[in-house]
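Everything below concerns the one structure shown next.
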Amino acid sequence: SNNNENSTTSSLQLIPETVLKKKHDLDEMKMKRAAAAQPGNNKVFSRKTKAIKIIKPEKFLSRATSRINHERRFKRVNKKGMQKRASNSKVVEDQIVTVEEGDERTLAVAEGEEEEDATTIPRASNSVGANIVFAIRIRNEKRAIPANVKRALGRMRLRNVNEGVFLRYDEYTRKGLHLVEPWVVYGVPSKATITDLLKRRGHLKIDTQRVPLTDNTLIEEHMSDYNMLCVEDIVHELHSIGEYFGQVSTFLWPFRLAAFSSKFQKRVLNMKDGQRGDYGDVGESMDDMIRKVL
C-alpha cells in the first residue's frame, strides 16, 4: 500500500505558488469585467458618455451681469470716448528691464547710461504717437460677450483667444481698441520682437489654408508682386508701415500664442485672463508681454 501511495504522489505535478496567484488574479479580473459588461445603470456613467456638468444659478447671474456691464461700457465709449481713462499724449515712465541681446530699442537707450543704471530705461506706457501696434485677445467668455463687442473683435481678426495681429495704429483703430479694451492687450512691438514672432509663430494664409512660414520661397511665390522676397522684407514693411502694410497683414494668419495663465493658475489659484490688470494699452512694454506667450 505504501508503494501505491508513493507512486500516486510522484505522478502528481506540484504547481508553483506564483502561478496559482497569477491564475487567481486573472480569474478575478475576468469576473470584474463580466460584471461591468452587464446592462444596468452603470452604462450611463461609462467613459463613452460625456460627464454631466452642473452649472449653478449664480453662474448664469454673473454671466448676465458681466454681459450687461460690457454692453453698457461699449455704448458709453462709443458715444463719449474714453474721456479721462486714456491720455491723448505720450506718457513716458522709467521702468526696470532686463537688457537682452537683439532688442535694439533697449540697447540703444542703455548704451549711454552707467553700468549701475543700465537696466532702468524710459519707456512709453501708452501707444500714442506710434504707427503700429500688436494686439492679443486675452479673454474667451463666450456666454458673457455682447454681440457688438464680438463684431468689433471680428473686424480686427481677433476671433479666438490667445491670437494676435498687427494693426495700423490710427484714430479709427485706436477707437476700436478702446471699445474692446477689457478683452485685449496691445502695445508697440520692437523690430526684434516682430522678427521673433514671424520666425517662431509665423503662418501664412494661402488659399484659405494656414501654412507655416518655413521657407522664403513661399513669400517670393505669393508676395513678389509687392517686392517682397524674404522674412526681412515683411519685417521691414510691418515695422515701417509701408505701402503694402494691408496686404502683408492679411497675408499673415493671426498668430496663435500661448496663454498668459496656465491651467494650474486658472484652476488652483483662480487667476483669470483679463482680470489681473494685464489688459489694455501697455505701450512699449508689449515686448515683455509677447515674450511671455511666444
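The values are calculated or read from the model by the stated rules, or taken from the named source; none is laboratory data. Note that the coordinates shown come from a computational prediction; the quantities given were computed from them, not determined experimentally. Virtual Cβ from ideal backbone geometry, glycine too; neighbours counted across all protein chains shown. Surface areas here come from the heavy atoms of the whole protein model, side chains and all, with no ligands, DNA or RNA. Shrake-Rupley method; radii C 1.70, N 1.55, O 1.52, S 1.80 Å.
The residues of segment 160-259 have, on average, 46 Å² of accessible surface per residue, using a 1.4 Å probe with all protein chains present.
Mind ordering 57-63, 229-235 by average Cβ neighbours within 10 Å, highest first?
Output ranking for 57-63, 229-235: 229-235, 57-63.
Ordering of 188-196, 200-208, 69-77, 133-141 by packing is 133-141, 188-196, 69-77, 200-208, highest average first (other Cβ atoms within 10 Å, averaged per residue).
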